[in-house]
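Just so it is clear, none of the values below were taken in a lab; they were calculated from the coordinates. Owing to the predicted nature of the structure, the values given are computational and were not obtained by experimental measurement. Glycine gets a Cβ as well: all are built from the backbone with ideal geometry, and neighbour counts include every protein chain shown.
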Amino acid sequence: MTTTLTITNPADGSLLGELPADDAASVAAKVARARAAQPGWAAVPLAGRKAAIARFRERVVAELETLARTLTSEVGKPIAQSRNELNGFLGRIDFFLAEVEASTASEEVFADSAVTERIVHDPLGVVANVSAWNYPYFVGGNVVVPALLTGNTVLYKPSEFATLTGLHIARLLHASGVPGDAFIAVVGGGAAGAALVDQPVDGIFFTGSAATGAQIAAAVGPRLIRLQLELGGKDPSYVADDADPQAAAESLADGAMYNTGQSCCSVERIYVHERIHDAFVDAFVATVAGFKLGDPMDDATYIGAITRAPQLAVLEAQVADAVAKGGRVRIGGRRVARAGQWFEPTVVTEANHGMLLMRDESFGPVIGIQKVRGDDEAVALMNDTRYGLTAGVYTRDESRARRLLAQVRAGSVYWNCCDRVSPRLPWSGVGDSGIGVTLSTYGIQTFTRPKAWHLRRP
């Protein structure tokens with residue numbers, strides 16, 4: 001019996017389409033095709049693989065508006081933000097194209113009259129990527145582009161909430177010269193993803209929740225293959241007493257609410273020094289009040305739909321728990337009464353770590369703000385989490401920021417900014433935020449296996 005994947009628009013509930021979903025047998029067949037194709041793809045000179053990805057980039061540019069509208073329709077992301085993601089994706093492609101050759105070049109590390117020692121980077125082989133819906137071009141591209149450039153074949157399962165976008169990616173790659181069996185899309189929900197994880201691949205790259213990541217790690221561990229998990233976050237920022245409260249509020253409001261708060265690196269906890277707390281809160285609430293919630297296809301919309309319907313109940317429960325424990329809702333706090341899946345941008349003050357809002361990932365337009373007495377208390381609270389993805393400090397004093405950020409357990413740290421990702425820097429997490437690295441030259445090499453060559457002259 002064929003399983004059907006139904007795709008709906010979270011902004012209004014309308015049906016976007018129905019697709020046949022992969023089952024265990026079809027996934028196994030796709031993996032076999034990718035395995036057979038891998039030696040041939042790896043044998044293509046790097047210049048040829050780079051040319052195919054460069055053509056893919058050109059096609060993304062040519063169809064950018066169509067791609068943006070598809071993305072907005074299936075995940076509810078405001079159209080301006082969908083265009084931003086696609087334009088940012090182009091920069092990441094440029095980085096990978098510029099750096100792949102040097103990052104994977106054969107390196108002679110020792111030579112004398114008798115022996116030469118050399119490091120060569122071989123492709124992993126067949127890579128499985130179970131990707132995410134919130135930034136499908138960023139998250140998927142961080143895996144797909146360097147994996148293909150380094151000679152791997154890729155089984156790509158886009159999130160069931162971004163399947164149409166995933167199929168666009170496959171279509172454009174194939175039209176650009178990447179063989180059909182070198183990049184294969186897997187369609188479906190959790191069952192299709194689980195079937196892919198069970199296959200005899202050489203690397204599994206997953207982006208999603210910490211709970212699912214732990215399940216994958218338990219299943220994959222005995223197989224001793226490359227495993228990378230990009231998981232969630234409960235990303236904190238601290239606003240010190242010497243910061244400009246207005247500037248910090250505007251920056252952090254954007255960091256908390258951009259993409260409707262549905263980012264693993266969205267700001268989810270804010271600690272503000274008691275001396276400027278009230279001024280910061282007033283500016284923050286005023287900034288959030290100015291964000292337009294509405295039709296995601298409207299260029300002026302800033303707050304879009306909630307992509308996954310079950311998340312609405314999570315957000316409601318966090319707000320209710322916070323209020324029951326003394327939190328004060330300054331703005332928002334409820335579902336929006338309209339067709340589709342919507343939640344008001346919400347700011348809760350008088351927050352504390354007894355609240356779910358300050359401990360569990362929200363993944364929505366909800367933020368808690370807690371007053372602190374000073375730097376030491378702020379750092380202790382920032383580290384009071386099982387996550388460790390990003391963290392930020394707002395202060396006029398760079399040395400103070402460096403001192404505080406050095407104490408924070410996080411893969412990325414920010415001074416006077418937040419929610420920022422650069423292709424030149426590694427993207428990684430601590431604790432329940434995951435294992436492994438994407439982006440930077442390290443994120444290219446992660447798709448290779450270094451081979452040590454010992455060459456002795458006769």
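Going by alpha carbons, how many degrees (0 to 90, nearest 10) lie between the helix axis of 210-220 and the longest principal axis of the chain?
Helix 210-220 and the main axis of the chain meet at about 20 degrees.
Quick one: which of 368-378, 196-206 comes out on top by average Cβ neighbours within 10 Å, and what's the full order, highest first?
Put in order of decreasing packing, that is 196-206, 368-378.
Under 29 Å between alpha carbons, and skipping anything fewer than 8 positions from LYS234 in its own chain: which lysines qualify?
By straight Cα distance, LYS234 reaches LYS77, LYS157, LYS292, LYS325, LYS371.
So in the stretch 235-415, what percent of DSSP beta bridges are antiparallel if you round to the nearest 5?
Among the beta bridges of the stretch 235-415, antiparallel pairing accounts for roughly 15 percent.
Any chance you could give the angle, 0 to 90 degrees and rounded to 10, that helix 79-103 forms with the longest Cα principal axis of the chain?
For helix 79-103, the angle is close to 40 degrees.
Output the Kirkwood hydrodynamic radius of the stretch 235-415, Cα pairs only, in Å rounded to one decimal.
Its Kirkwood hydrodynamic radius stands at 16.2 Å.
What percent does the relative contact order of the stretch 146-205 come to when contacts are Cα pairs within less than 8 Å and at least six residues apart?
Worked out over the stretch 146-205, it gives 38 percent.
If each DSSP helix of 4+ residues adds -39,500 (n - 2.57) and the sum is divided by the residues in the chain, what number results at 222 nm, nearest 500 deg cm²/dmol?
-12500 deg cm²/dmol
Just for the chain, what percent of DSSP beta bridges are antiparallel, to the closest 5?
That works out to approximately 40 percent antiparallel.
Taking a cut-off of 17 Å between Cα atoms, list the aspartates and glutamates near LYS50, but don't count ones fewer than 8 places away on the same chain.
GLU58, ASP94, GLU99, GLU101, ASP122
Using the Kirkwood radius over C-alpha pairs as Rh, can you work out the diffusion coefficient of the chain via Stokes-Einstein at 4 °C, viscosity 1.567 mPa s, in µm² per second?
56
Given a cut-off of under 8 Å on Cα pairs at least six residues apart, what relative contact order in percent is computed for the stretch 223-343?
Relative contact order of the stretch 223-343: 22 percent.
Does anyone have the angle between helix 245-257 and the longest principal axis of the chain? Alpha-carbon axes, 0 to 90°, nearest 10?
Around 50 degrees separate the two axes.
Enter the Cα centre distance for the pair the stretch 1-75 and the stretch 234-283, rounded to the nearest angstrom.
Here the answer is 37 Å between Cα centres.
Could you tell me the center-to-center distance, by alpha carbons, between the stretch 326-378 and the stretch 193-211 in angstrom?
Going from one Cα centre to the other spans 32 Å.
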